[in-house]
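Peer 1: Please see the structure below; I have some questions.
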Amino acid sequence: MAISTITYDTLVRAGISCVSAYVTSSLPAARDSNVSPKMLVCKGSRGIRILPDASFPQTKCSSGEKYDILVIPGGAQGAATISKSEAVQDLVREFIKEDKIVGMICAGSLTALTSKLPHQPLTSHPSVKSELEKHFAYSEDAVVVSGKLVTSRGPGTTFPFALTLISMLLGPEKRKEVAGPMCFPEGTPW
């Protein structure tokens, strides 16, 4: 499932139009137990049910179209499915080539590896660190920005991840405008 609920919500608060997309397994005979057979309702790794806006790659999506940013979410099974999708890998490379922002969070950072992105700083959920640290300058920072690639660790780092994306898209003032009414506790570093 291609959605991070906190990232999606935070981007929408900034006035960014978002499209969530369900990524199907690349294995033709695979049955995805996270999708309802009656409607395309996805179940996240913790059981949250979400109705995605579109199905990928059936939906037309390219960096040259209306999209300014691509966000690859985490979640164990979903991240594995997304990172193995050749269509997603092509899209990641296309966005990077076009100098557009690509965000990856949690185990979604595996897509940097499968997309064969060059050696650069990044981070991920600790569960996939061993797969990534051989190929990238691995960091355990909450959010790592490497050019237009933005990576983050997991659910606990989603707010600074989303706010970083807002800052890169719309500037630091918009980031402050969005973060203020979210009522983060005093001293929160983002």
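Peer 1: Considering only residues of region 67-97 that are among the polar types (S, T, N, Q) and within 15 Å of Phe56 (Cβ to Cβ), which is modelled with the lowest pLDDT?
Peer 2: In this case the residue turns out to be Thr81.
Peer 1: Filter region 98-153 down to residues that are out of contact with any Pro (no Cβ under 6 Å at 6 or more places or on another chain), closer than 19 Å to Ile16 by Cβ and of a type in the set (Gly, Ala, Ser), then give me how many there are.
Peer 2: Looking only at that region, the number is 2.
Peer 1: Being assigned to a loop (DSSP other than H, G, I, E, B), modelled with pLDDT of 95 or more and among the aliphatic types (A, V, I, L, M) is the filter; apply it to region 1-17 and report the residue that is nearest to the chain's Cα centre (by Cα).
Peer 2: For region 1-17, the residue satisfying everything is Ile16.
Peer 1: Do we have any residue at all in region 35-57 that's modelled with pLDDT of 95 or more and surrounded by 14 or more Cβ atoms within 10 Å (Cβ to Cβ)?
Peer 2: no
Peer 1: Quick check on this structure: which one of Thr157, Thr151, Thr164 is under 23 Å from Gly75 (Cβ atoms), under 14 Å from the mean Cα position of the chain (by Cα) and not in a helix (DSSP H, G or I)?
Peer 2: Matching residue, one of Thr157, Thr151, Thr164: Thr151.
Peer 1: Scan region 97-114 and tell me whether some residue there is surrounded by 20 or more Cβ atoms within 10 Å (Cβ to Cβ), more than 15 Å from Thr7 (Cβ to Cβ) and in contact (Cβ under 8 Å) with a residue 40 or more places away in the chain.
Peer 2: No, because not a single residue in region 97-114 is surrounded by 20 or more Cβ atoms within 10 Å (Cβ to Cβ), more than 15 Å from Thr7 (Cβ to Cβ) and in contact (Cβ under 8 Å) with a residue 40 or more places away in the chain.
Peer 1: Taking the condition of being closer than 16 Å to Ile16 by Cα and either touching an Asp or Glu at 6+ places or on another chain (Cβ under 6 Å) or not hydroxyl-bearing (Ser, Thr, Tyr) (or both), how many residues in region 154-179 meet it?
Peer 2: Residues flagged as closer than 16 Å to Ile16 by Cα and either touching an Asp or Glu at 6+ places or on another chain (Cβ under 6 Å) or not hydroxyl-bearing (Ser, Thr, Tyr) (or both) within region 154-179 amount to 18.
The values are calculated or read from the model by the stated rules, or taken from the named source; none is laboratory data. Note that the structure is predicted; figures quoted are calculated from it, not measured. No Cβ is skipped: glycine too gets one built from the backbone with ideal geometry, and neighbour counts run over all protein chains shown.
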